[in-house]
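Asks: Pasting a structure below so you can have a look.
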Amino acid sequence: MSTAFKDDQGDWLTVCLKYLLFVFNFLFWVGGAAVLGVGVWTLVEKSDYLSLLASSTFAVSAYILILAGSLVVVTGFVGCCAVIREQKSCLSTYFSCLLVIFLIELVAGVLAYVYYQRLSDELKQHLNQTMSENYKQPGAEAITLAVDRLQQDFKCCGSNNSGDWRQSVYIESPQSEDRLVPDSCCKTITPLCGLRDHPSNIYKVEGGCITKLEQFLADHLLVIGAVGIGVACLQICGMVFTCCLYRRIKIDPY
């Protein structure tokens with residue numbers, strides 16, 4: 001009687017663990033979709049700005065999330081097969097996949113956090129130089145497009161203020177046609193509107209484009225870090241459930 005009770009209890013625990021893993025797989029897929037979405041959103045939305053950054057850490061964090069999100073789809077399928085078939089080999093594969101994705105997302109989260117800490121210093125040191133030395137220069141078309149879009153999207157002019165453009169290679173060259181600022185600084189863009197740098201004509205923003213871009217990137221990095229680490233923590237639960245089910249199957253293979 002005692003043995004039968006233990007068998008029933010074992011079956012009940014195994015069934016509960018299987019349902020818990022099914023629920024986890026659903027949450028895992030949702031989390032994977034969120035990870036993939038955040039990675040794509042980071043690269044697609046205002047992706048031109050990546051050419052203005054000195055390092056590729058921001059882009060790498062996003063690519064890592066896209067990789068992790070894509071792996072989730074495959075891993076979720078493996079997890080369902082492992083639960084249905086109750087094979088230890090499938091559970092071991094599933095656990096290994098969870099561990100790999102956990103490490104990938106953790107790396108993305110840590111990279112985003114580390115880069116967030118030094119984002120301000122990098123922009124202050126690099127953005128002004130990039131804008132003044134590369135704008136409208138041969139071979140720097142991507143940077144020119146990024147600067148124009150940056151100034152229009154964020155309604156700013158110059159890295160710190162509009163006066164930064166006076167020392168730029170573009171403004172000092174005949175190509176500028178005596179403009180004081182690029183036309184993308186203008187509130188309403190018309191040919192040669194950059195000839196006049198009065199506040200009624202161009203954007204005068206305290207802190208310039210550095211402040212605007214820093215806030216934009218910081219918001220994205222916080223989301224990358226939160227989603228990466230959050231889903232990674234969720235996977236710990238999945239690994240625990242998988243280990244428990246593995247042990248139950250080992251004790252009672254039927």
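Asks: What is the one condition in (1) touching a residue at least 40 places away in the same chain (Cβ under 8 Å); (2) in a helix (DSSP H, G or I); (3) open to solvent by 10 Å² or more (accessible area, probe 1.4 Å); (4) not hydrophobic (A, V, I, L, M, F, W, C) that ASN25 does not satisfy?
Replies: (3)
Asks: Now, a different point. Could you go through region 111-130 and let me know if any residue there is in contact (Cβ under 8 Å) with a residue 12 or more places away in the chain, within 20 Å of SER176 (Cβ to Cβ) and surrounded by fewer than 18 Cβ atoms within 10 Å (Cβ to Cβ).
Replies: Looking for residues that are in contact (Cβ under 8 Å) with a residue 12 or more places away in the chain, within 20 Å of SER176 (Cβ to Cβ) and surrounded by fewer than 18 Cβ atoms within 10 Å (Cβ to Cβ), one finds none in region 111-130, hence no.
Asks: Shifting gears a bit: Quick one: ILE104 ticks every box in (1) open to solvent by less than 50 Å² (accessible area, probe 1.4 Å); (2) at pLDDT 80 or above; (3) not in a helix (DSSP H, G or I) except a single one, so which number is it?
Replies: (3)
Asks: Anything in region 180-239 that is in a helix (DSSP H, G or I), over 24 Å from the mean Cα position of the chain (by Cα), hydrophobic (A, V, I, L, M, F, W, C) and modelled with pLDDT of 85 or more? List them, or say none. If you could, list the steps in order and put the result at the bottom.
Replies: Step one: of region 180-239, the residues in a helix (DSSP H, G or I) are 183-185, 193-195, 208-239.
Keeping just the survivors that are over 24 Å from the mean Cα position of the chain (by Cα) gives 183-185, 193-195, 208, 239.
With the extra rule that they be hydrophobic (A, V, I, L, M, F, W, C), the set shrinks to 185, 193, 195, 239.
Matches in region 180-239: CYS185, CYS193, LEU195.
Asks: Right, SER176: among the hydroxyl-bearing types (Ser, Thr, Tyr) and over 21 Å from ASP48 (Cα atoms) or not?
Replies: Values: among the hydroxyl-bearing types (Ser, Thr, Tyr): yes; over 21 Å from ASP48 (Cα atoms): yes.
Against the criterion (among the hydroxyl-bearing types (Ser, Thr, Tyr) and over 21 Å from ASP48 (Cα atoms)), SER176 qualifies.
Asks: Just for region 132-153: of the residues that are free of Cβ contacts under 8 Å to residues at least 40 places away in the same chain and part of a helix (DSSP H, G or I), which one is farthest from GLU214 (Cα to Cα)? Give the derivation first.
Replies: Step one: filter region 132-153 for residues free of Cβ contacts under 8 Å to residues at least 40 places away in the same chain, giving 132-134, 137-141, 144, 148, 152.
Still in the list and also part of a helix (DSSP H, G or I): 132-134, 141, 144, 148, 152.
Working: SER132: 18, GLU133: 20, ASN134: 20, GLU141: 22, THR144: 19, ASP148: 17, GLN152: 16 Å.
Selected residue: GLU141.
Asks: If the requirement is being modelled with pLDDT under 75 and either in contact with a strand residue (DSSP E or B) (Cβ under 6 Å, 6 or more places away or on another chain) or open to solvent by less than 30 Å² (accessible area, probe 1.4 Å) (or both), which of these qualifies: ALA82, ALA59, ALA4, ALA54?
Replies: Unique residue meeting the criteria: ALA82.
Asks: Restricting to region 154-172, count the residues that are without any contact (Cβ under 8 Å) to a residue 24 or more places away in the chain and either surrounded by 15 or more Cβ atoms within 10 Å (Cβ to Cβ) or part of a loop (DSSP other than H, G, I, E, B) (or both).
Replies: Summing the residues that are without any contact (Cβ under 8 Å) to a residue 24 or more places away in the chain and either surrounded by 15 or more Cβ atoms within 10 Å (Cβ to Cβ) or part of a loop (DSSP other than H, G, I, E, B) (or both) in region 154-172 gives 2.
The values are calculated or read from the model by the stated rules, or taken from the named source; none is laboratory data. Every value quoted in this text rests on a predicted model; they were computed, and no experiment measured them. Because the Cβ atoms are built from the backbone with ideal geometry, glycine has one as well, and the counts that use them run over all protein chains shown. Heads up: the accessible areas ignore ligands, DNA and RNA and are worked out on the full protein's heavy atoms, side chains in. Shrake-Rupley method; radii C 1.70, N 1.55, O 1.52, S 1.80 Å.
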